[in-house]
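The structure appears below as structure tokens.
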Amino acid sequence: MVWSEDVRLIRLVAQGYDLKSALAENRVKSIDEYAAKKKLDLGDARRLVPLGYLATDIVEAILNGHQPVDLTVTRLRQSNQLPLLWSEQRSWLGFSQNHQRTSLAPISLINREFF
């Protein structure tokens, strides 16, 4: 199988983590303020919230281009259906049962220039 980075997918996940950290660090007071600051549609900004809570190994796989072929931006934007449990996220997003789980946090995600 050939792996490749999907820059649009990486950007979407990065935005989810950026929103999460902006709220946690009080850089913005609400999702509405974040959307205005980033010039995003409010609905799109609200759909970013669950992406800030993706399993770290899923984020790592996306960063490395090792996501399942059918894990697309369109699919990930349906994140309002994304389970909270990481094991269920892996299943819902199409990762195999023997997907390599790591303990690495996606620290470098926001440092990349994707948005």
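Would you point out the residue of the range 11-49, among those that are closer than 19 Å to Val73 by Cα and β-branched (Val, Ile, Thr), that is modelled with the lowest pLDDT? Checking each candidate, the answer is Val49.
Rundown of residues vs (1) part of a loop (DSSP other than H, G, I, E, B); (2) closer than 23 Å to Glu5 by Cα, yes/no style:
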{"residue": "Val28", "(1), (2)": "yes, no"}
{"residue": "Arg46", "(1), (2)": "no, no"}
{"residue": "Gln67", "(1), (2)": "yes, yes"}
{"residue": "Asp70", "(1), (2)": "yes, yes"}
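To keep it simple, each residue is scored yes or no on (1) of a type in the set (A, V, I, L, M, F, W, C); (2) under 23 Å from Ser91 (Cβ atoms).
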{"site": "Leu19", "(1), (2)": "yes, no"}
{"site": "Lys29", "(1), (2)": "no, no"}
{"site": "Lys38", "(1), (2)": "no, no"}
{"site": "Glu60", "(1), (2)": "no, yes"}
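When Ala24, Ala14, Ala36 are screened for being surrounded by 14 or more Cβ atoms within 10 Å (Cβ to Cβ) and small (Gly, Ala, Ser), only Ala14 passes. Applying the criterion of being among the basic types (Lys, Arg) and assigned to a loop (DSSP other than H, G, I, E, B) to the residues of the range 72-115, the residue that is modelled with the lowest pLDDT is Arg112.
For Lys37, indicate whether it is more than 10 Å from the chain's Cα centre (by Cα) and part of a loop (DSSP other than H, G, I, E, B). When the stated conditions are applied, Lys37 does not pass them.
The values are calculated or read from the model by the stated rules, or taken from the named source; none is laboratory data. Here the structure is a predicted model, which means the values were calculated and not measured. Cβ coordinates were reconstructed from backbone atoms using ideal geometry, including for glycine residues, and neighbour counts include every protein chain displayed.
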